[in-house]
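The values are calculated or read from the model by the stated rules, or taken from the named source; none is laboratory data. What you see is a predicted model, and the numbers here were worked out from it, not measured in a lab. Positions of Cβ are backbone-derived with ideal geometry, glycine not excepted, and every protein chain shown enters the neighbour counts.
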Amino acid sequence: MRKENKRKTGMSRLFELALRRKFLVVSSCFLSVVSNALSFTPFIAAYFIIREIVAHFADPALLDGTALIRFGVMAFGGAAGAVLIYFIALMCSHLAAFTTIYRLKLEFTDHIASLPMGFHTRNSTGKLRKIVDVNIEKLETFIAHQLPDIAGSTAMPVITLVILLVFDWRMGLASLAPILAGYLLQAVAYGGKKARIFIEKYQTSLEEMNNAAVEYVRGISVVKAFNQTIFSFRRFHEVIMNYGKFVRDYTFSFETPWILFMTIINHVYLFLVPVILLISGNVNDYPAFALASVFYLLFSVSVPTPFTKLMYVSQLGKQVADGIERMDRILDVPPLAETPSPKTVSSHTVVFDNVSFSYNETGENKREIPALSQLSFSAEQGAVTALVGPSGSGKSTIAHLIPRFYDAGEGAVKIGGVDIREMSSEYLMDIVSFVFQDVFLFKQSIMDNILVGNRNASREDAVAAARAAQCHDFIEKLPHGYDTVIGTRNIHLSGGERQRIVIARAILKNAPVIVLDEATAFADPENEQKIQKAFEKLIKDKTVIIIAHRLSTVRGADKILVIDGGRLVEQGRHDELVNAGGRYSRMWEQYTGATRWKLTQKETALSALRQKKQGETHV
């Protein structure tokens, strides 16, 4: 449900998600700080070793060997301890990351499953796939790696500042100057509005490429059938080229700031050496001064690492934050509204009571697209009601409103006299079975695909449903029968065979209301005859609403509704409507005439081809 409090955004939202496993995340950040502090130990140990050597340079016999060994152990122990503690920090952060993204993916997939079907028709699978596979997955990288690095890299300047100012404040300030200059460059170049706009455009372009790639792969058979290459698939090609140009232009725009930053941060000694030369003339304790100079020159080599890491962490953090914000936009979409007092029904007549509905267009020019207007009709229980009309007349919209893929804008859709919005969505889906025009089968066994209709059914029930759907015979001929996995080892089914498996699924569900949306649109005559026979079992004693373009398939319907422009213009049986001489009569004439026209055109074409060949032979 939509939260009343405004959701956090940006890095605040990332930290909110990361702190779901607070103990592990805090432990990881603390250990990362300790690891970074220990990483300076070798430099400090080196300072004391050099000091001992310089102090007894004239008489090496006075060197304190025990102290030198102790400082050596200190350097090795500090380095080894830094690595070990950082490893433990990463273990904690990875445990937190894996648990967090697991829960987050479950929440996201549960949420999109609760959204009405209309949401999924408006949002591409490529976009949702990117959120699950890329945006949420990047959160794992942020929590597991970047968060400990942020903690360590943030603490690093403080530790560095203390060390730089302890031995000689003048050299310390000289070493600190390039660090501050580097921070300033990062803030100016990467922290402004331009960078935020880039990240937003970058994520959008990735979504567009993802969508185009999915579309291209789905249409690869058409591309190959017409001997085309990727460049002929214009949208995919243009999206890739535009993305490349956009990223290239953006990268070049930061060429100068990047060069300046890397030059400054990697050449701290350029700031340090002039200061050493400047103050060398006024030194009282020259050995101590030389020792400090060597220490700062050695220490300057370690300065770039944490600050470069912090820069990358900051930029990647912003990208992750933008990706999570896109996820949050989906999470903020309200799920299908559920009534607090759900009702059930004893009869299953479907009634549209003065229903109006419009689609909400997305994009820059948002507007409502009317689909249905004050539509009223009834589909009686135990009868077949057919919806016919031109493309775009609203037939599929009517079918989608019955199982609440969308909610009516005005009026009510009722089953058994009860508004479907007063039923629980689970109950509604139990009493309505929907056979889509586009068949989808999971890459699982045929038995598993049939059992989708009723998970509590037995294997015997599923086989009986397959027999009724006219698909038992071809299933038995497969290598493993009902246990054959679709799509593996060259196991592929024809469109008609796949359609009959879907019908078997619907028969097994045994819902009292059946909605058939162009279920035989792409079937060949043989398969259509078998599908029609399967329908006889499916629709027996049910409330059946069928959408069809082939008017021959609805001649026997108990009631035919003619839809045009979202309105009901005619209704009745086939013979009544043909004799009435109205819209349906004209559609029937066009349908039967088109069939004859195809035969005539074929004969004409063959005749013309023969004449052409005869003429060529004569010449």
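Rundown of residues vs (1) over 30 Å from residue 173 (Cα atoms); (2) at pLDDT 70 or above; (3) of a type outside the set (Val, Ile, Thr), yes/no style:
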site	(1), (2), (3)
233	yes, no, yes
238	yes, yes, yes
244	yes, yes, yes
258	no, yes, yes
263	no, yes, no
294	no, yes, no
310	no, no, yes
315	no, no, yes
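The condition of being in a loop (DSSP other than H, G, I, E, B) and over 35 Å from the mean Cα position of the chain (by Cα) holds for only one of 453, 392, 382, that being 382.
Taking the condition of being modelled with pLDDT of 75 or more, out of contact with any Leu (no Cβ under 7 Å at 6 or more places or on another chain), surrounded by fewer than 21 Cβ atoms within 10 Å (Cβ to Cβ) and not aliphatic (A, V, I, L, M), how many residues in region 317-335 meet it? Step through it out loud before you land on a result.
First, pick out the residues of region 317-335 that are modelled with pLDDT of 75 or more: 320-321, 323-335.
Next cut, out of contact with any Leu (no Cβ under 7 Å at 6 or more places or on another chain) only: 323, 325-332, 334.
Now restrict to residues that are surrounded by fewer than 21 Cβ atoms within 10 Å (Cβ to Cβ): 325-326, 328-332, 334.
Checking which are not aliphatic (A, V, I, L, M) leaves us with 325-326, 328-329, 332, 334.
Qualifying residue count, region 317-335: 6.
Say whether the condition of being of a type in the set (A, V, I, L, M, F, W, C), loosely packed, with under 15 Cβ neighbours inside 10 Å, in the same structural domain as residue 22 (by TED's automatic domain parsing) and at pLDDT 85 or above is met by at least one residue in region 102-113. Within region 102-113, one or more residues are of a type in the set (A, V, I, L, M, F, W, C), loosely packed, with under 15 Cβ neighbours inside 10 Å, in the same structural domain as residue 22 (by TED's automatic domain parsing) and at pLDDT 85 or above. If I filter region 249-256 for residues that are of a type in the set (Asp, Glu) and either in a loop (DSSP other than H, G, I, E, B) or in contact with a Lys or Arg (Cβ under 6 Å, 6 or more places away or on another chain) (or both), do I get at least one hit? Checked region 249-256: no residue is of a type in the set (Asp, Glu) and either in a loop (DSSP other than H, G, I, E, B) or in contact with a Lys or Arg (Cβ under 6 Å, 6 or more places away or on another chain) (or both). Taken together, the residues in region 127-168 that are farther than 20 Å from residue 183 by Cα and either β-branched (Val, Ile, Thr) or outside the structural domain of residue 32 (by TED's automatic domain parsing) (or both) amount to 7. The C-beta contact set for region 412-427 (first residue within 12 Å of residue 336 (Cα to Cα) and in the same structural domain as residue 401 (by TED's automatic domain parsing), second residue part of a helix (DSSP H, G or I) and of a type outside the set (A, V, I, L, M, F, W, C), distance under 9 angstrom, 6+ apart or interchain) comprises 425/114.
Scanning region 364-384 for residues that are out of contact with any Gly (no Cβ under 9 Å at 6 or more places or on another chain) and under 13 Å from residue 352 (Cα atoms) yields a count of 4. Of the numbered criteria (1) closer than 23 Å to residue 432 by Cβ; (2) modelled with pLDDT of 80 or more; (3) in contact with a Leu (Cβ under 8 Å, 6 or more places away or on another chain), the one residue 515 fails is (3).
Return the only residue of 467, 505 being surrounded by 17 or more Cβ atoms within 10 Å (Cβ to Cβ) and charged (D, E, K, R).
505
Assessment of region 357-377 against the conditions (within 24 Å of residue 557 (Cβ to Cβ) and of a type in the set (Ser, Thr, Tyr)) yields at least one matching residue. Might you let me know whether region 361-376 holds any residue that is assigned to a loop (DSSP other than H, G, I, E, B) and either touching a residue at least 12 places away in the same chain (Cβ under 8 Å) or not assigned by TED's automatic domain parsing to the domain that holds residue 572 (or both)? Within region 361-376, one or more residues are assigned to a loop (DSSP other than H, G, I, E, B) and either touching a residue at least 12 places away in the same chain (Cβ under 8 Å) or not assigned by TED's automatic domain parsing to the domain that holds residue 572 (or both).
Picking from residues in region 296-308 that are at pLDDT below 70 and assigned to a helix (DSSP H, G or I), the one that is nearest to the chain's Cα centre (by Cα) is 308. Would you say residue 90 is part of a helix (DSSP H, G or I) and more than 29 Å from residue 294 (Cα to Cα)? The answer is yes for residue 90. For region 414-427, the set of residues classified as crowded, with 17+ Cβ neighbours inside 10 Å and modelled with pLDDT under 90 consists of 425 only.
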